[in-house]
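Comments concern the structure below.
The values are calculated or read from the model by the stated rules, or taken from the named source; none is laboratory data. Everything numeric in this text was worked out from a predicted model, so none of it was measured. Heads up, the Cβs are rebuilt from the backbone with ideal geometry, glycines too, and the neighbour counts pull from every protein chain shown. To get the accessible areas, we keep the full protein, side chains included, count just its heavy atoms, and leave off ligands, DNA and RNA. Shrake-Rupley method; radii C 1.70, N 1.55, O 1.52, S 1.80 Å.
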Amino acid sequence: MDGNELLAARFEENRSRLRAVAYRMLGSDSEAEDAVQEAWIRLGRSDSAAIDNLGGWLTTVVGRVCLDILRSRRSRREEPLETGAAEADVPGPALGPRPGADPEQQALMADSVGLALLVVLETLDPAERLAFVLHDMFAVPFDEIARIVDRTPAAARQLASRARRRVRGADPVPDPDAGRRREVVDAFLAAARGGDFDALVAVLDPDVVARSEGAAGAGPLVRGAANVARQALMFAPFARSVRFATLDGAPAVVSEVEGQRFSVMRFTIERGKVAELFVINDPAQLPGLDLVLLND
């Protein structure tokens, strides 16, 4: 396999994720595929040997291409293109026919995102939509998003926060499950404080994901209940002095050391289990968070 074939193979490894990113950004199967193909063209014009993280580089390129498309669409007040059979027959510019462009695949893609969400995403400012999609759906760190939208990481965080509030509704009704979510968080903290590995696993979704963001950037992504439980046991010293809060409307806890905020942990609760943990352990980032402390 020569250099070009190897590069094409590595691109194909990233294609599905890139296409998912672009579709959620654009809401159009044909435009999403065009954005992915544009990323391939730009990769061919670049010094690929100097790219350390190809997946991150390609995601950044697709994000910028989608941002340009959204801004152009808004300036012309255009709606996203409808996908159809004629589009499905158009070959890609470099890698042959468009994979997954048949009507069944298009329907599956739309169903995985949800028509209601796509409709709401269409109301967002392009930069807000990009920040929300990349961060909340694909766990792209805010420092990388900031470079795409030419903002600071704190400003990128605010873009995602505003988008999140609009997606959830400007005036959300009280969540009848808020008490249940608090119980799940309490159970997680109790297990962490007690060093009870089995209790931690029990409160975690089997496919739970944990991610973190600190002064040095994004930490490694941890998947699976057992792996996340092991990591959570290291949180035990900080679990003894936390304050309950909400972060971007989701349940969270704030750890304090000598009266100073040290870190924030946000919980995503689904079906009575912790489905995602997001830890911000850089105190410098805390002032820019959409954080609301609660009375214990």
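In region 113-134, the count of residues that are among the small types (Gly, Ala, Ser), over 30 Å from SER48 (Cβ atoms) and modelled with pLDDT under 50 is zero. Of the listed requirements (1) assigned to a helix (DSSP H, G or I); (2) surrounded by fewer than 14 Cβ atoms within 10 Å (Cβ to Cβ), VAL201 misses just one: (2).
Does SER255 fit the bill of being within 22 Å of ALA154 (Cβ to Cβ), touching a Leu at 6+ places or on another chain (Cβ under 9 Å) and modelled with pLDDT of 70 or more?
Judged against the criteria, SER255 is not a match.
Restricting attention to region 164-183, does a residue exist that is part of a helix (DSSP H, G or I), under 22 Å from GLY219 (Cβ atoms) and modelled with pLDDT under 90? Yes, region 164-183 has at least one match. Each residue in region 220-242 was checked for being outside any loop (DSSP other than H, G, I, E, B) and at pLDDT 85 or above, and 11 of them qualify.
Specify the residue that is surrounded by the most Cβ atoms within 10 Å (Cβ to Cβ); the eligible residues are those in region 43-52 that are of a type outside the set (S, T, N, Q) and part of a loop (DSSP other than H, G, I, E, B). Only one residue tops the list, namely ILE51. Checking each residue in region 180-195 for being more than 13 Å from VAL228 (Cα to Cα) and not small (Gly, Ala, Ser) picks out ARG180, ARG181, ARG182, GLU183, VAL184, VAL185, ASP186, LEU189, ARG193.
Set side by side, the residues GLU213, GLU276 differ, and just one is charged (D, E, K, R), open to solvent by less than 60 Å² (accessible area, probe 1.4 Å) and at pLDDT 85 or above, which is GLU276. For THR83, the criteria (1) surrounded by 12 or more Cβ atoms within 10 Å (Cβ to Cβ); (2) modelled with pLDDT of 50 or more hold in every case but one, which is (2).
Scanning region 129-163 for residues that are in contact with a Leu (Cβ under 8 Å, 6 or more places away or on another chain) and surrounded by fewer than 17 Cβ atoms within 10 Å (Cβ to Cβ) turns up just one, ALA139. Scanning region 53-77 for residues that are over 16 Å from VAL140 (Cβ atoms) and surrounded by fewer than 18 Cβ atoms within 10 Å (Cβ to Cβ) turns up ASP68, ARG71, SER72, ARG74, SER75, ARG76, ARG77. Summed over region 12-42, residues that are farther than 20 Å from VAL119 by Cα, polar (S, T, N, Q) and either out of contact with any helix residue (DSSP H, G or I) (no Cβ under 8 Å at 6 or more places or on another chain) or part of a loop (DSSP other than H, G, I, E, B) (or both) total 2.
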